[in-house]
Amino acid sequence: MKKMWFALFLLALPCLASADIYLEIGLEGGGETFASASSSDDDFSFDQDLNIGGGFKLAGGYARILGEESDKSISLAFGYLWDSIDADNGDAEFDTFTVDAIFNLHFDNHHVGIGATYHIDPHYEDDIDGLPDTDIDFDDAAGLILQYRYQFTDGFYFGLRRTEIDYEIGSSSFDASSTGLFVVFTGEL
């Protein structure tokens, strides 16, 4: 699997000539719930869940228009995805590094994309009162991305993304799929 990703990266390098910088900020939800925590004070109480595969995402990389008609583009982005909860009865956190390669078809300002994602070193840990501490390092994982984005202006997009991916450790598999909203900024180097 790692050889496939290395080959994909090498194939993408020529496309990066005359590419734009790509910056993405996202919020994703979904995946299996790994921790629940609660907090309260005199005025209110609330419960929080932490799901693997979701959270806040920051990514940066390159985007390039393909062809003279400008109806296709590709992007290659390296990111960090994380989530955490902190409550009266404990705390938990999840994080992973991501590599996303996405091919987009453009229909005026509407862009539909399909691509691959690779999550490197997915990690979960918690310290919940009354339970033993948990520290899990999942295997690296590959998944599928489907997305829609709308181009508001040159270099500014808003979109919806679905990621299908499973995390494994040993013989156990966990759903880390997510759905999220994202904003993209692109510009010349």
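The values are calculated or read from the model by the stated rules, or taken from the named source; none is laboratory data. Because the structure is a prediction, the values reported are computed rather than measured. Cβ sites come from the backbone with ideal geometry, for glycine too, and all protein chains shown count toward neighbours.
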Tally of residues being modelled with pLDDT under 85 and aromatic (Phe, Trp, Tyr) across the range 35-58: 2
Test: residue in the range 105-116 that is assigned to a strand (DSSP E or B) and polar (S, T, N, Q): no
Residue list for the range 143-189, filter: outside any strand (DSSP E or B), in contact (Cβ under 8 Å) with a residue 60 or more places away in the chain and not polar (S, T, N, Q): Gly155, Ile165, Ala176, Glu188, Leu189
Any hit, the range 137-149, residues being among the polar types (S, T, N, Q) and under 19 Å from Asp95 (Cβ atoms): no
Leu13, sole failed condition from (1) over 20 Å from Leu181 (Cβ atoms); (2) surrounded by fewer than 14 Cβ atoms within 10 Å (Cβ to Cβ); (3) modelled with pLDDT of 90 or more: (3)
Some residue of the range 70-82 being under 17 Å from Gly187 (Cβ atoms), loosely packed, with under 15 Cβ neighbours inside 10 Å and not aromatic (Phe, Trp, Tyr): yes
The lone exception for Gln147 - which of (1) over 19 Å from Ala101 (Cα atoms); (2) touching a Gly at 6+ places or on another chain (Cβ under 9 Å) it fails: (1)
Sole exception among (1) at pLDDT below 90; (2) under 22 Å from the mean Cα position of the chain (by Cα) for Glu28, by number: (1)
Hits in the range 120-142 - residues which are surrounded by 13 or more Cβ atoms within 10 Å (Cβ to Cβ) and either among the hydroxyl-bearing types (Ser, Thr, Tyr) or not in a strand (DSSP E or B) (or both): Tyr124, Thr134, Phe138, Asp139, Asp140
Hits in the range 83-97 (condition: over 12 Å from His119 (Cα atoms), surrounded by fewer than 22 Cβ atoms within 10 Å (Cβ to Cβ) and either within 10 Å of the chain's Cα centre (by Cα) or without any contact (Cβ under 8 Å) to a residue 40 or more places away in the chain (or both)): Ser84
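With respect to Asp100, determine if the residue is at pLDDT below 95, assigned to a strand (DSSP E or B), surrounded by 15 or more Cβ atoms within 10 Å (Cβ to Cβ) and on the phi < 0 side of the Ramachandran plot.
Considered against the rule, which asks whether it is at pLDDT below 95, assigned to a strand (DSSP E or B), surrounded by 15 or more Cβ atoms within 10 Å (Cβ to Cβ) and on the phi < 0 side of the Ramachandran plot, Asp100 comes out as no.
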Failed item, numbered, when Gly113 is tested on (1) over 23 Å from Ala19 (Cα atoms); (2) free of Cβ contacts under 8 Å to residues at least 60 places away in the same chain: (1)
